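The values are calculated or read from the model by the stated rules, or taken from the named source; none is laboratory data. Keep in mind that this is a model prediction, so the values were computed, not measured. When we count neighbours, we look across all protein chains shown, and the Cβ atoms used for this are built from the backbone with ideal geometry, even at glycine. To get the accessible areas, we keep the full protein, side chains included, count just its heavy atoms, and leave off ligands, DNA and RNA. Shrake-Rupley method; radii C 1.70, N 1.55, O 1.52, S 1.80 Å.
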Amino acid sequence: MDKIKGTRPYFSKKTLKRFQEIIKSKNFSNFIGSPGEKNLNKKLILTSQKLNKINEEFSFLGGKYVRLFEAKWSKSINIKFSVSVNSATSAITTALLANDISPGDEVITTPISFTASVAAIIAANGVPKFCDISLSTFCISPEAFKNAITPRTKFLLYVNWAGNAGDLDEISKIAKKNKIILIEDASHSPGHKYNNKFIGKFGKASIFSFNQPKNLMTGEGGMICTDNKDIAKKARLIRNHGEAVVDKNYTLKNMTNIIGYNFRLTEMQAAIGVDQVLEMKKLNNIRKKNFDFLINEIQKKFSHILKTQNITNSHHYAYFVAFRYIGKLKKKTFLKICKDYNLVFKEGIPRLLCDHPNIINKIAWGSKNFPWTNKKKQKMSLPNSRKLFSEYLAFYNVGWPCNLTDMKIFIKKLGDINEKYFK
């Protein structure tokens, strides 16, 4: 049978030249973590575009390619400050710390996500609290969000699952009304728009992911984005041993939450990132073309087997295609049949985040259940999340070098399965 190609990192000749330049320079990371850099406090609040213009090989704020990557990224989504880090997990932790999270603050998020979403909250000494999703969008339901808010709720970490914005406008309004800081986990959404506004510009801060096999890939890496200079300054300090530069001019508020991290990105990863951003339109459009073809064919021919996610974006470029399996066979049986036909679906997350033993038992730091304040086990119903989890399937091979030929193979294989087992 014909085999569908897998998504791979896109690597141009231009990227290879940049790599060679870095290797010849023998400087793989041009960050310095020691205090004393001239005019550092002024540089810490420069926009990414202005920071890119400083003519220094080594800096507390990174080398040439780190600063160039951040500038290109800021321009690509029309935001003032972009701060690169070594992962999106680090980016979430940094964004929460830079927004002055206090130990024990509640952070509402979705149970439909990768483990990093909740691990990053706990790493910032926050308490994750889960609310239900919409079965239509697979993203947090506005009504569930509203009902989950308590006096201890200080943040919402909103995950754009599979690049989908969901009900982001309504969510933003609820957060604003209740004085809750919205952090967008836009890991799946580089270059996406919702109501013609870039995803990543709806919250106080947002984060993006560049690990393989995201839409744009630097191997590992993440970005924190904001239009707020104070958040950007703190994020830049948190990324690179911020306590090392504290002096007598820092206020107590300025000194909060900047202790001891090293979340820096290397020059080689940043060099890859520069070209990924320059190729973003091309790479996103490949995903869009493949996604649109698959969705249209599935909705026309196989809606009795797979129910597609309702995408609310004005511009959407799929990281992967997410479905609810609603066929008459058991999901386990369907997956075995698909494997026989060399049609590979993923079941997605291994469990709901709310069902993780550490979360149920409130185990994180030490033996006192920190950052939780009581030892009572958490029990959560979350009916929509549980239903989606039982039905969930995803197909990842929609990025470069996959093309319409691969998508047609997918539809042909699904058609053959349909004829034999679902007629």
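Exactly one residue among PRO213, PRO151 is farther than 30 Å from THR7 by Cβ, open to solvent by 10 Å² or more (accessible area, probe 1.4 Å) and not polar (S, T, N, Q), and that residue is PRO151.
Table: residues versus (1) under 30 Å from GLU419 (Cα atoms); (2) modelled with pLDDT of 95 or more; (3) of a type outside the set (A, V, I, L, M).
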site: LYS253; (1), (2), (3): no, no, yes
site: PHE263; (1), (2), (3): no, yes, yes
site: MET280; (1), (2), (3): no, yes, no
site: ASN284; (1), (2), (3): no, yes, yes
site: LYS301; (1), (2), (3): yes, yes, yes
site: LYS307; (1), (2), (3): yes, yes, yes
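Scan region 381-395 for residues that are part of a loop (DSSP other than H, G, I, E, B) and surrounded by fewer than 17 Cβ atoms within 10 Å (Cβ to Cβ) and the total you get is 1. Would you check if there is a residue in region 158-168 being of a type in the set (Gly, Ala, Ser) and in a strand (DSSP E or B)? No: region 158-168 contains no residue that is of a type in the set (Gly, Ala, Ser) and in a strand (DSSP E or B). Which fully enclosed strands (runs of 3 or more DSSP E) of region 55-139 have 1 or more residues being over 27 Å from LEU44 (Cα atoms), within 20 Å of the chain's Cα centre (by Cα) and touching a residue at least 24 places away in the same chain (Cβ under 8 Å)? So the answer is 106-109, 127-130.
Does GLY33 qualify as being closer than 28 Å to TRP400 by Cβ, assigned to a loop (DSSP other than H, G, I, E, B) and open to solvent by less than 30 Å² (accessible area, probe 1.4 Å)? When the stated conditions are applied, GLY33 does not pass them.
Residues of region 251-277 that are open to solvent by 20 Å² or more (accessible area, probe 1.4 Å), more than 23 Å from LYS72 (Cβ to Cβ) and of a type outside the set (Gly, Ala, Ser): THR251, LEU252, LYS253, ASN254, MET255, THR256, ASN257, ILE259, TYR261, ASN262.
When region 298-315 is filtered for residues that are in contact with a Ser or Thr (Cβ under 9 Å, 6 or more places away or on another chain), open to solvent by 50 Å² or more (accessible area, probe 1.4 Å) and more than 17 Å from LYS193 (Cβ to Cβ), only GLN299 remains.
Listed here are the residues, each with its yes/no results for (1) open to solvent by less than 50 Å² (accessible area, probe 1.4 Å); (2) farther than 26 Å from ASN147 by Cα.
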residue	(1), (2)
CYS354	yes, no
ASN358	no, no
LYS375	no, no
PHE410	yes, yes
TYR421	no, yes
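Residue count for region 325-352, restricted to those that are modelled with pLDDT under 95, of a type in the set (Val, Ile, Thr) and either open to solvent by 30 Å² or more (accessible area, probe 1.4 Å) or in contact with a helix residue (DSSP H, G or I) (Cβ under 7 Å, 6 or more places away or on another chain) (or both): 1.
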